Every structure is written in C-alpha cells, then in structure tokens.
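Scroll down for the structure; my scribbles are underneath it.
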Amino acid sequence: MKFSLFAHMERLSETQDHQQLYEDFVELCQMADEGGMRAIWTGEHHGMEFTIAPNPFITITDLARQTKNVKLGTGTIIAPFWHPIKLAGEAAMTDLITNGRLELGIARGAYSYEYERLMPGMDAWQAGQRMRESAPLLRKLWKGDASHEGEYYRFPATTSAPKPLQPEGPPIWIAARDPNSHEFAVQGGFNVQVTPLWQGIEEIESLMQRFNDACSGHSGQRPKIMLLHHTYVASNAADTADAANELSRFYNYFGAWFQNKRPVQQGHIEPLTRQEIDNNEMMSAANMHRNLTIGTSKEVIDQIRRYEALGYDEFSMWIDSGMSFERKRDSLRRFIDEVMPAFS
C-alpha cells in the first residue's frame, strides 16, 4: 500500500488570511514529502472559499520548489473547463518544471455552482462526455501532430509545446464512480481514483468491485486504483469524537455546496444553523465515526488493512475538514509516524 496526501486551502471566515492559509498548506505538503508519502494531490475549484484551488498547476509548480521527492498530482483537473490542447500543453510544461514529478488526475467536476458560472447550461452528463472525449487526446497531443473531429472538440494537426519530460507523459488518473466510468478508465489504460465520501465500507467494497469487473474484461496491463478518504488519526477516544463532530460539520457544508440552493456572498455560503446540522442524520457525527477513516492509530491501521485486502494500491489521506491547522498537522504527524510504518 502506497500513501499520499490530498489537501487544499480552506477558508472558513473573513478573518483568516489567505497567505497564512497557503503557508499552512505548504507545511502540510512538506511534512508529507519528508514523511515518505508517495504523492500530494491538489485539485481545481472556482469561486469557493470552502475549497481554494483555482489552478493546481500553479500550486504544483510552487510545491516542486519546496519539496524533494514526492510526486505532485492534480486531484483533480475539471476536464470540461479546459480545451484539450491547452490542458496538454500546461500539463507538459508543469511536468518539465517539476522534473517529471507530475501526475494528472482528471474528473468531470461535481459542483453545479461551478458549471453555471464557467460553462452555463452544462450539466453533469455533458461534463462527463467532454471528459471522456478530452482525456484520450492528451497522450496523442504529447506524442504530436494529432488532429481531432469530435462532438465537443475539433482541431487540425497539433503538437503539445513543450513535450512532457516523462517519455509517455504524466500518468493519468480518472475519477470514477459508476461502472461505465471504471470501464472507460481501464480500457483507456488510465489509473483510477475513487472517492466514497461518507458512505462507508459498503461503498468502498462496491467501488473496488466495479474496478475489478472492468479489469476482468481487459487484456492489457491492470491499472492502479487509489482510495481517497477523509482521515483523522486521533490521540484518544475523546479526540476521535471531536474529529467526528468536525467532519460532520464539513460534510453538512459539502452537501450544501453540492445542492447549490443557498446564497453565496464573497465566496462563502450562507451559514447553516445548528438545527439544520443536527437534523441531517445522514451527515451525523455517529455516521462520520463509523464510515470515515478516523480513530486512534491502531483503529486507522485496522481500517486501512481492510482496504489493502480489497486490492487498493494507494490510500490518499483527505485532510480537508474545516479543522484548525494544528489539528490537521498533529493528525498527519501521527499518520506518518504511527500508521504508515505498519505497512512498510
């Protein structure tokens, strides 16, 4: 089992300084690098202080100067917001700048809040179709002199300039959930990233089964599969309970952003009331405790052993949580010092 860190800047209030938040983010990434994690993943989001990540290539380029060994991945680029020629070129340039450390995670996106601002009228289905047309074009553009006549993109012979440093281009990961997405990824020779969110071990097992089913009908090399999951390594039972409550709040806000029904001002969604949070049984602290990878180091080790036994190649510690930097840092330190050695 390999390990990675999935992280962004989070700004919960106007009192927080963006520069300090970025410095905190970099410190977590440096911990991951020095602690022996395989990769750091950071994604793309727009207009949301909840998750600040307007262009992961910029962030990754800076992280390359502040880390030494860790791979640097987009987790994930929202494919329909990028023309494939632009995406191929910027990814290749980032690979060059990072000395071949880039990995390219690609998704259709999830927030209608972003769709209606960047591409009005696009829905999740069309976003998925755009991603499926775009992703296979990247390797062709990196190879050079590729032309295309598709439903969403049309261009004459074009070459990515520059070419990526990695001979075959950066490894590509597809965010997959439904069986068709797994089939698309596996048949295309792409790695797979799955995110069960708060839905627990049954969803984790189901996602692996979909991947295995896709692989069973594929004669080529088996891609890798990564599990992205909210994780908190606690010092004791009381600390675990605190984390479950904090993650309950996070997922309540995640759900509110996803539903896209509340007013947003200055990048902050209208605050949820205590009663709204208490009434949302699906996102309750008890469910977070049961369904996320949280607990003492021993409890987290036991949970990750189950994921390893299912066949996952990589476990990515999703650290976004609305917690203080200090709590994130302490959890990551315990993960590196106490959890990862059990899998070495």
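The values are calculated or read from the model by the stated rules, or taken from the named source; none is laboratory data. The structure displayed is predicted, hence computed values, not measured ones. Glycine gets a Cβ as well: all are built from the backbone with ideal geometry, and neighbour counts include every protein chain shown.
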Query raised in the report: Could you list, in sequence order, the residues of the stretch 203-223 that are exposed (fewer than 15 other Cβ atoms within 10 Å of the Cβ) and under 30 Å from Leu28 (Cα atoms)?
Result: Glu205
Query raised in the report: Under 6 Å by Cβ, and 6 or more places apart or on different chains, what pairs join a residue from the stretch 136-159 that is without any contact (Cβ under 8 Å) to a residue 12 or more places away in the chain and crowded, with 17+ Cβ neighbours inside 10 Å with one that is of a type in the set (Gly, Ala, Ser) and assigned to a strand (DSSP E or B)?
Result: Lys140/Ala146
Query raised in the report: Are there any helices (runs of 4 or more DSSP H) wholly within the stretch 200-288 with 3 or more residues that are within 21 Å of Trp41 (Cβ to Cβ), and if so which?
Result: 200-216, 237-259
**Report entry** Residues satisfying the stated conditions in the stretch 264-279, i.e. surrounded by 15 or more Cβ atoms within 10 Å (Cβ to Cβ) and either of a type in the set (Phe, Trp, Tyr) or within 10 Å of Tyr253 (Cα to Cα) (or both)
**Finding:** Ile269, Leu272, Ile277
Query raised in the report: When only residues in the stretch 1-48 that are among the aromatic types (Phe, Trp, Tyr) and either touching an Asp or Glu at 6+ places or on another chain (Cβ under 7 Å) or not in a helix (DSSP H, G or I) (or both) count, which is surrounded by the fewest Cβ atoms within 10 Å (Cβ to Cβ)?
Result: Phe3
**Report entry** First in the stretch 316-344 and free of Cβ contacts under 8 Å to residues at least 12 places away in the same chain, second anywhere and among the aliphatic types (A, V, I, L, M) and not in a strand (DSSP E or B), Cβ under 6 Å, 6 or more apart
**Finding:** none
Query raised in the report: Among the residues of the stretch 157-199, how many are of a type in the set (Val, Ile, Thr), under 23 Å from Asp95 (Cβ atoms) and assigned to a loop (DSSP other than H, G, I, E, B)?
Result: 1
Query raised in the report: Among all residue pairs at least 6 apart or on different chains, which show Cβ distances below 8 Å where the first residue, located in the stretch 1-15, is within 17 Å of Val339 (Cβ to Cβ) and in contact (Cβ under 8 Å) with a residue 24 or more places away in the chain and the second is of a type in the set (Ser, Thr, Tyr) and not in a strand (DSSP E or B)?
Result: Met1/Tyr307; Met1/Tyr312
Query raised in the report: In this structure, is Gly105 touching a residue at least 24 places away in the same chain (Cβ under 8 Å), assigned to a strand (DSSP E or B), buried (at least 18 other Cβ atoms within 10 Å of the Cβ) and not hydrophobic (A, V, I, L, M, F, W, C)?
Result: yes
Report summary line: Contact list, first residue from the stretch 73-96 and within 14 Å of Thr158 (Cβ to Cβ), second anywhere and of a type in the set (Val, Ile, Thr) and surrounded by 24 or more Cβ atoms within 10 Å (Cβ to Cβ), beta-carbon distance below 8 Å, six or more apart or interchain, is Leu87/Ile77
Query raised in the report: Filtering the stretch 92-120 down to residues that are hydrophobic (A, V, I, L, M, F, W, C) and within 15 Å of Ile174 (Cα to Cα), which residue is farthest from the chain's Cα centre (by Cα)?
Result: Leu102
Query raised in the report: Taking into account only those residues within the stretch 112-156 that are in a helix (DSSP H, G or I) and in contact with a Leu (Cβ under 8 Å, 6 or more places away or on another chain), which is nearest to Gly47 (Cα to Cα)?
Result: Ser134
Query raised in the report: Which of the following residues is modelled with pLDDT of 95 or more, under 21 Å from Ala7 (Cα atoms) and either in a loop (DSSP other than H, G, I, E, B) or within 23 Å of the chain's Cα centre (by Cα) (or both): Glu326, Glu338?
Result: Glu326
Report summary line: In the stretch 167-190, anything over 14 Å from Arg132 (Cβ atoms) and either crowded, with 17+ Cβ neighbours inside 10 Å or within 16 Å of the chain's Cα centre (by Cα) (or both) is listed as Gly169, Pro170, Pro171, Trp173
Query raised in the report: Which ones in the stretch 49-81 are more than 14 Å from the chain's Cα centre (by Cα), surrounded by 18 or more Cβ atoms within 10 Å (Cβ to Cβ) and part of a loop (DSSP other than H, G, I, E, B)?
Result: Glu49, Phe50, Thr67, Val70
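Looking at Ser321, Ser316, can you tell me which residue is part of a loop (DSSP other than H, G, I, E, B), modelled with pLDDT of 95 or more, in contact with a strand residue (DSSP E or B) (Cβ under 7 Å, 6 or more places away or on another chain) and within 21 Å of Leu197 (Cβ to Cβ)?
Being part of a loop (DSSP other than H, G, I, E, B), modelled with pLDDT of 95 or more, in contact with a strand residue (DSSP E or B) (Cβ under 7 Å, 6 or more places away or on another chain) and within 21 Å of Leu197 (Cβ to Cβ) holds for just one of Ser321, Ser316, which is Ser321.
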